[in-house]
Each structure stands twice: as C-alpha cells, then as structure tokens.
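The values are calculated or read from the model by the stated rules, or taken from the named source; none is laboratory data. Note that the structure is predicted; figures quoted are calculated from it, not measured. Virtual Cβ from ideal backbone geometry, glycine too; neighbours counted across all protein chains shown. Surface areas here come from the heavy atoms of the whole protein model, side chains and all, with no ligands, DNA or RNA. Shrake-Rupley method; radii C 1.70, N 1.55, O 1.52, S 1.80 Å.
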Amino acid sequence: MNLSTNKTSILRKAISLALLYSFVITNIAAVGVFASNRNETPSSAASAITRFTTDLTQLGRDGRLRENLNLENDTVRLMKVLAGGGKRQPVIVDEKGENQDFVVEQLAMRIANGDVNEKLVGVSVLKLETASLFSNSKTAADTSAKIESVIDEVLASNAHTILFVNELTNVLDAGSAGAKLLEGVENGKLRIIGGSSKAAYDEKIAKNPDIAKLFEAISVSDNLNDQAVASESFDGGSDEGYRGDNVSPDLREMLAGDPSGKTRIDVILQAKDADNSALRGLLAGGQAKIKDRIGRDQTLVVNMPLSTVQQLSTSGLINYVSPDRQVLTTGHIEDAVGATDVRSQPALNGRAAYTLDGAAIGVAVVDSGIYTAHNGFKNGSTSRIVANVNFTNATTTDTSDVYGHGTHVAGLAIGSSTYSSSAYKGIAPNSNIVSVKVLNNLGVGNTSWLLNGLDWILTNKTTYNIRVVNLSLGTTAVDTYTNDAVCLKVKALVNAGIVVVAAAGNLGKDPITGAQVYGRIHSPGNSPYVITVGASNTMGTTTHTDDTIATYSSRGPTRSFYTNSTGTKVYDNLIKPDLVAPGNKLVSYKAPGNVIAAANSLLGLTGITVPDADQMMYMSGTSMSAPVVAGAASLLLQVNPNLTPGMIKAILQYTAQPINGENMFEQGAGEINLEGAVRLARSLRTDVDFQTLAKGTTTVPTGWVMPTTSSTIGGATFPWAQLINTGHTYVTGANLVSQFQTVYKRENQFMDGVTYTNGVYALNTTSFFTTGLTISNVLKTSNGAALGAGTTYMTFGGTLASGVLVGDGVLVGDGVLVGDGVLVGDGVLVGDGVLVGDGVLVGDAVLLGDNTPAMR
C-alpha cells in the first residue's frame, strides 16, 4: 500500500471522527440547553409537551443542529415512509440502538429548512424524553400517565406533530401508555418515529403480528464511523464511461424552451463526488432541494430550477444530469399481452400522437358489482364509473361488490391503480366504467337478471358510449345458440355494434380425477357472435415461451344443441374458445371484506398492509382472462372507432400466438397478442365506416404493406396465427386483412360464409368471403407455427347432426371417454364437484388456479 495514500486515509478518518465527535457533543449540548430553558416553566403551568419533549424542529430553525451527509440516505428513507401515508409508522432499528437520534435530527433540520416532501411541510418533530421520564418518575403508573398526557396533546395537533419515541419497545411495555400509543397508530391519528435496538425490535414487535403490521423497520448502520468510511471508500463510478455532453438532450431542449431558467424540474444528478462542498454550495445557491440519494453512491435526485442545470454543466463537478423521467413499473398483465409496448402511439393520418389507454370508450362490466371507492377506478379523485346499476333481487341501490368478483374483473380490464408504481394497471386504464350488477352477494344470479342487465346496456349504449361488454360469468350451455335467450340477447348487442367478450368457463378438467374434459363451454360463450376467451397460464413470466393452457379452462367444442323432429340431438359443435388470455393467479383489485377472499386466505397478498382503496388479491379462471380481452377491444376501438365487432375478433385471432402443443379446442386461434393487434389495426383505413362497405372493398390505404406477421414480447419472438375460426373450420389468407369480408358486418358471424355440401366445406365467395382465401376442416395440435400448422388432432367431416366427431379414427359420443382419459360431455355443468342446475348463473372464477409460478 502506498504510504502517502495510507496516511491520507488515516487523516481523513481522523477528521471524520473529530467532526463526528463535535457533532455529537454539539447536539447533546443543544438539547441540554433547550431542555434547561424549557424546564424553567413551572410544571403546574406547562403542558406535557413542554415538560416531557424536545422540539427538534425548533432546534433546526435555531441552527443548533448540524448537517451530516453520511446520514443522508437513512434520512431520505425515513422521509419516504412518513410521506407515504397509511398506518405503518417508521422505526429506526440498529444493532445497539445508538443512531436513531442522529437520523431524526437530520429530518428535523430538513423540515425546518423546508427541504421535505409537501406532506411533511410545517410538521413539528418532538422527541419524547424517555430517559428522563423513566428515571424521574416515582412509579410505573406515574411514567405511564406522563406519556399518555404527551400522546393526548400530540393527538390534539391533528397530525401536525410527529412524536419521536427513541425507546419504543419500553414505551409499549409501559402499561396503558403503550396501549394508547398503539390505538392512536391503529386509528391513523398518531404519527410517530420509533427507535429500537434490533434485538428489542425482533423480540417485542416483529414476533407480534398485530403490532408488527403497524410499523415499518428502517435498518441503519451500526455506527456513524462505518458510514463515514463507507462513504469515503465507495466508488460511484469513474468518469471514463461518460461521453459527450453532460446534460441530456431532452434537458437541453427544456433549457432552450425557457431562457429565464425559472422552471423547476426534478433531475437525476450523477455527481463526481456527491458530498463535495463546492457542489453542495452550488446546489444551495441555486435553490436546489435534494429529494433522494440512490443508495450510497454519487447519484442524487434533486429538484432545481433549470438555471442551475447550466451552472452544474460548466462546474466540472458532475458526470451527467438528466430529467427524473417517468418510468412506470408496468404490471405482469400489461407486459405479458404486449399492452406496455403500444401505450405510446405516434401521429398518423392527420391524428396527433396519443396515449393508448381506452380513453372515452365505455366498457360495461356485467358482474357482481364494483367497489367504487377503489383508487383503481379513478382518475385522481374523480371516479371513472359513469353508471352503476343493479338487476339482482337485492335493493336496486345496492351496487356494492360484497362477493368481490366484479371488482377483480374490472381491475384487469380497465383498472388505473397507481399503487406499487402502477404495477397493477388494467389493459385500458382510462376507459369509462359501466357497472351492471347481475350476480348477488354470493356470486350467483339468474338468467333473467342477466337478460335485464344486457337489455339495459342495449338501451343506454349511446348515452354512455358502451362499445364493449365483459361477461365473466355463464350458465349451462344447453340450448343451441339460435335458441338460447342469453345468446340471442348478446347477438342483439353485437348487431348494435357492441363487442361482447365472454368467459369460456372453468370446466376443463374432471374435479375428481383431474382428467381433461372437452365440450364444456358456457353460455353465452357458445355463441358465434361473442369473443369467447379461455385461460392461459403465463407461469408468472412476461416471455411467452413457457405459456400453456390452464388445466381448468373449458375446452370446445360447444355442446349446446336442439332436438330435431326425429328426436335426434343436433349439437352446435363449434370451435371454441376463440382465443385465450392470461388467467391463472392474476393480481387485481380487492373489494374489502369480500366473500371470495374470506373463503380462502391464500387469495390475499401477504405481507402488505395498504388502505382498502388500494387493496389487491389473487384470483384465477377464465373470468380473469375475459377482461384482458375486453380491455384489448377497448384499445382497438380507440385506435380505430370504425371497427366492427367482427373485425375486432378477426384482428385478435389473426395476430394471436399459437401455443405449441395445444389444440384448437383448447386455445382457438391462440393467445392474445395486443402488440400485434394494435399494429394491425393501426394499419387499416380510418376514412371509412366499415359497416357500410361491400365485399372486397379495400380496408387498407394506398401503398399498404402487411405489417410484420410476428411479435416480440418479453424478449421472445413468435409468429402470428394468421387465421380466423369459422365454426367448424378455419380460414387463412392475407385478404382477411386487406379486403372487407361481409362476415365482418355486425349482423353476420364468420360461420355464415361457410357452406357444407356432400361432405365438403367451402367458402361462400358469392356473398360473404372474397377469393384468395383457404379453408380447412382439419383441426391441429399446434407446433407453434402460423396458419394452423401442426399435427392433426381431429377432422370435422360427415354429418354433424348426430353430434359425432371423428378423431384419430375414434367415434366420440356423449360422455364417452377416449384416449388419455379425455371426456366429451353434453353440456352438463359440473364444477369442483358441485352440480349446478340449468338456468343458474355463476361467475367463471376458480379459487386457487393451477399451482404454478404466478405474477407478483
């Protein structure tokens, strides 16, 4: 080791120790002088606060506290907890309990100087003189009474006072005083900063869940010497990696736009030495306020006027400065379906650039109601719920969500929560919300309630611009879709231009044996007019390489039927679902005290204490998958409001990702790919009302080129399916995108364009489809490639009147087990061993979902 370097290091340490010693003695003296002055007031006339506390904030105003930059990081952490709101109060914890006073004094000095979050401006920090109280009181009861009197006066300050209790565990043990303190914190009326040794905190607080939930530990270093040495020895990075201008381009633009330099901005300041006195003096002289320090390196978050930026640039004291840009931690759902990738939309065809968030699109959530106070349904303090109606047998004004299903569903589709850095936003976080309650407080409804709710939507669609309806519920699919009352009502909605999204159901496996079950699609998911959604399992990752179909997701074909004149059942046997979306163990919004969460504690997020208005919970099922697609539909309508419901379905299917190893009865066209869907929708014409177009009319602008038919999400690239399902077949071809197909009109469905004659399926190119398309009746187990590629799973052929499907040479009849324990049912609804009679409406959610990794 270089001797001169070693001497310099020793000298610097010595100086640090000397400064530290001076700092400690000065503050002890300051507190002592203040206490002696305070105690001159006769005790009979003085308040409890005057007699038993020290006003640290006033000491800061008087200049009797000294700044210590080694404590900057700990002080910032303390401020964040205090400014974060909620019940949890900070407790400064270290091994020996020596450093709490120093950190709190730094906070008090910042408050005195106005260098704090707005929530802490004007607050006083009072230190409870516990050592004096405990030593001078004659009895434990006397000590407790004095502490209680202080707490009473602090409570009377209406949260303008923060009480610093540096021996928190001793006070908690002080009889009724401890109980009063806990009561005040529990009620949200008492703000404190606790101090404790690590051992005492672990023993008295951490081991008691009822007490631990009220506090948040802030661990600090064992002693200030270690902090000083660490600060000096830490290398925040050398200058070598920084090239070019030391001010970011966007910050330069801001400087050019405000010659006065008066505009204030938060910046990320990467200093050469964050503790340099010249730098600190420049910041202070430029009216800058340090808001945060990143760890213990040389990076500061500073609020400053733009004029200071230029001074910093030429000072030679910084490496780089840039705006504290908004970086949102997007939720797993937003990332997994590609919503994050398309939020920012560029200017196009005369339209200015915009944020893709579903703005102005009305989405109706037909469910168990919504917890309206949840912050996820607001823009700031303004509710986005534009209508809230109830069609159950409960009081019509009771639109609350006691069951908890509707709140969770709505959050996935259209939630806008900013909790946890906006990690749990829905797909269309700025859409208008219409809550239509048709499930009662036990999560059960009647078909009649649903029909009334759907009819109300039809009547009020213009008033609230309802363009999308989400149905995360279903009933036994017995009647053919041409007869089923609910199917007919949703057909009326689609004919009126409303996109209807329905959950497929959660009957994809036998509840006892676990065997795969086919043919259990719910009504109205059996309707060819709706977009029927099954559940995929993302395994908690953004990449699509590990995605599978959730075991419980209902599989096709649809088994609703009618009986002909000879007494033969004629089954619909449609390929369903239309596509799948994430649905296993999704986190979304929680209605407080709801029935579902009460039924299974595993649904609640553990270890997190947040207000009711920000609460989250887990749920699984196709009920969770459907709102993901409903939110996607809202975004596509924002991209191009002229799209018909049929075109929305076609775009979502055409751009879906085929999941390798899954067949079309399990996944339909594949898993939702919103990144691709938005790109494809954006490429279409915006100057026409598609509903009015004739077959074959171009749907794309002059010079159009098909967008790249693959997407990359989570670092993995996959091809688009490039097909649409047409009942018993599927159709491929680029003309599905570039030319208008009559099946896209509101009054039609895709199967209208397919004929079946003498055992052969064909496209009706006279009235419904254009030429240049290919039809196939061979259903595949996908190999992950486009255009329905894979191995043959089943061929639709012969007469379907008897409900017989041909698969691998095996005739499959009602309820017959074939190969690998696969059961094809006839529409009987069995879930988790419970038989539900016809006409009973239930929400399509399962309690636990598949036991695999999940979103956090």
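Quick check, is residue 758 surrounded by 18 or more Cβ atoms within 10 Å (Cβ to Cβ) and over 25 Å from residue 785 (Cβ atoms)? So residue 758 does not fit the description; no. Summed over the range 727-753, residues that are free of Cβ contacts under 8 Å to residues at least 60 places away in the same chain, open to solvent by 30 Å² or more (accessible area, probe 1.4 Å) and closer than 16 Å to residue 649 by Cβ total 1.
Just give me the residues in the range 642-659 being touching a strand residue (DSSP E or B) at 6+ places or on another chain (Cβ under 8 Å) and closer than 17 Å to residue 700 by Cβ, in sequence order. Hits for the range 642-659 are 648, 650, 654, 655.
Being surrounded by 14 or more Cβ atoms within 10 Å (Cβ to Cβ), within 30 Å of residue 283 (Cα to Cα) and over 38 Å from the mean Cα position of the chain (by Cα) holds for only one residue in 120, 133, 126, 107, and it is 126. The set of residues from the range 698-717 being β-branched (Val, Ile, Thr) and more than 29 Å from residue 544 (Cα to Cα) comprises 698, 699, 700, 702. Taken over the range 560-580, the criterion of being part of a loop (DSSP other than H, G, I, E, B), over 29 Å from residue 723 (Cα atoms) and not β-branched (Val, Ile, Thr) is satisfied by 564, 565, 567. For the range 619-682, the helices (runs of 4 or more DSSP H) that sit wholly inside it and include 1 or more residues that are hydroxyl-bearing (Ser, Thr, Tyr) and either farther than 22 Å from residue 734 by Cα or modelled with pLDDT of 95 or more (or both) are 622-639, 645-654. Contact map, the range 50-78: first residue within 11 Å of residue 108 (Cα to Cα), second residue of a type in the set (Lys, Arg) and buried (at least 23 other Cβ atoms within 10 Å of the Cβ), Cβ cut-off under 7 Å, separation 6 or more or different chains; pairs are 56/127; 75/110.
Here residue 159 meets the list (1) modelled with pLDDT of 90 or more; (2) outside any helix (DSSP H, G or I) almost entirely, failing just condition (1). Annotation note: of 382, 340, 396, 355, the sole residue that is open to solvent by 70 Å² or more (accessible area, probe 1.4 Å), among the β-branched types (Val, Ile, Thr) and at pLDDT below 90 is 396. Being buried (at least 18 other Cβ atoms within 10 Å of the Cβ) and outside any helix (DSSP H, G or I) is a property that does not hold for residue 490.
When the range 711-726 is filtered for residues that are part of a loop (DSSP other than H, G, I, E, B), in contact with a Ser or Thr (Cβ under 6 Å, 6 or more places away or on another chain) and open to solvent by less than 10 Å² (accessible area, probe 1.4 Å), only 720 remains. Restricting attention to helices (runs of 4 or more DSSP H) lying wholly within the range 168-222, give those where 3 or more residues are touching a Ser or Thr at 6+ places or on another chain (Cβ under 7 Å) and crowded, with 20+ Cβ neighbours inside 10 Å. Where helices (runs of 4 or more DSSP H) fall fully within the range 168-222 and carry at least 3 residues being touching a Ser or Thr at 6+ places or on another chain (Cβ under 7 Å) and crowded, with 20+ Cβ neighbours inside 10 Å, they are 168-172. Looking across the range 431-444, the residues that are open to solvent by less than 40 Å² (accessible area, probe 1.4 Å) and either closer than 19 Å to residue 500 by Cα or charged (D, E, K, R) (or both) come down to 431, 433, 434, 435, 436, 437, 438, 439.
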